[in-house]
Amino acid sequence: AEAAETVADGGFLLPGLVDAHTHPGLREDGGFDVDALAAHRAAGVAVLRCPGLDGPVPDAVRASPQMPRIIAAGAWLAWSGLSEHADFHTVVDDLVGAAVREVRASDGWCKVMADWDFTAAPVPLDLLRATTEAVHAEGGRIAAHCQSAAGSLNAARAGVDSIEHGMALPAEAIPLMAAHGTAYVPTLTAFGKSAPWRARRGLDRDLLWQEGHRTMLTRAREAYEAGVTVLAGTDSLPHGDIVREIEWLIEAGLPTDAALAAASWRARAWLGLPGLTEGGLADVTAYATDPRHDPTALRNPTRIILRGHITH
């Protein structure tokens, strides 16, 4: 193009990064937390999947050329039969109906709590399967929060679209996930930050938390080796720490290019978004060196292009 302006000369390009599990949320004054979005953007993240938000995403935020694209899954849905709920969960008696409503109201996704307490019974398999089938009948997708072994296994058996965390994910769930096309989002950064101080505190739940982080590292590698789509999601504060999640996936045993794919081209494809293709979305991050050979390059992007606009 004769009028083209060179914005990156040399280096290596990646499709805009994806954080597949983050909760930017609302500020104390009720406004949407655009500072959280800016932190993601500064790390080269162009797409956010938000499996659980405490309020709707304003249209102005969605449309802003300066903000990452958002794929929201509505509220956290906790079945009233679970033994314990956190305050931010939307407790529902009719999990099937609530999940379908969220799919219709958000971006084709819903988020359900497959369990909460480590030792208590999870959502029954029949109910979770019925919820999953109803969501799929709507053309939607379902993300399942899983902590316990029973909850994780039920989610894998039900054929949910993604298992989030999987702190006690049993090995027998991996082939089920591969067969159903269920992705795994271990959110290693969030648990890696808290596991050390929880271990020092030494409470029973804290020890389970620490063991859960070790389990997630193991299962992430096993899932990748079994052909499961493994995705990078931070689920942690401060926002914008996607590079640390990629580093955790490498530490777990994924090849570097697979860990990068989990936060870039493979994640985008899984969400139905194009990468660096003719006519594709203009979400591009440039680096001085190939991050497949030098992952430290990810912390120093030379150029960030979001929705066709240079942001860095």
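For ILE310 paired with LEU13, estimate the spin-label separation in nm (one decimal), with each label point 7 Å from Cα along the Cα-to-Cβ line.
1.5
Of all DSSP beta bridges in the chain, what percent run antiparallel (nearest 5)?
Working: 10 of 35 bridges.
Given both bridge residues lie in the chain, the antiparallel proportion sits at roughly 30 percent.
Which residue fluctuates the most in the chain, going by a Gaussian network model with Cα springs under 10 Å, if the choices are ALA143, ALA171, ALA98?
It is ALA171.
For helix 149-158, what angle does its Cα long axis make with the longest principal axis of the chain, in degrees from 0 to 90 and rounded to 10?
Around 70 degrees separate the two axes.
Report, in degrees rounded to the nearest 10, the 0 to 90 angle that the Cα long axis of helix 188-201 makes with the longest principal axis of the chain.
Roughly 50 degrees, rounded to the nearest 10.
With the crude spin-label approximation of a point 7 Å out along Cα→Cβ, what separation in nm comes out for LEU207 versus ARG62?
With each label placed 7 Å out from Cα toward Cβ, I get 4.8 nm.
For the peptides 15-22, 269-276, what is the packing order when you average, over each peptide's residues, the other Cβ atoms within 10 Å and list the highest mean first? Mind showing how you got there, number by number?
Details: 15-22: 28.8, 269-276: 16.1.
Listed from highest to lowest mean packing, they are 15-22, 269-276.
As I understand it, the value is the acute angle between the Cα axis of helix 125-137 and the longest principal axis of the Cα atoms of the chain; what does it come to in degrees, rounded to 10?
Tilt relative to the chain: about 40 degrees.
Using 0.36 nm times the number of residues separating LYS193 and ALA282, minus their current alpha carbon distance, what extension gain do you get?
Working: separation 89, 0.36 × 89 = 32.04 nm, distance 3.31 nm.
Length gained, LYS193 through ALA282: 28.7 nm.
On the protein heavy atoms, probe 1.4 angstrom, tell me the percent of accessible surface of segment 115-155 carried by carbon and sulfur. Each step should come with its number before you reach the end.
On the way: 790 of 1450 Å².
Ligands and nucleic acids excluded, carbon and sulfur reach 54 percent.
How much accessible area per residue does the chain have, in Å², with a 1.4 Å probe?
Details: 12900 Å² over 312 residues.
The answer is 41 Å² per residue.
In the Gaussian network model of the chain, springs joining C-alpha atoms below 10 Å, which of LEU37, LEU231, LEU281 carries the largest mean-square fluctuation?
Result for the chain, Cα springs under 10 Å: LEU281 fluctuates most.
The values are calculated or read from the model by the stated rules, or taken from the named source; none is laboratory data. Computed from a predicted structure; not experimentally measured. Note that each Cβ is placed from the backbone with ideal geometry, even for glycine, and that neighbours are counted across all protein chains shown. These accessible areas exclude ligands, DNA and RNA; they are computed on the full protein's heavy atoms, side chains included. Shrake-Rupley method; radii C 1.70, N 1.55, O 1.52, S 1.80 Å.
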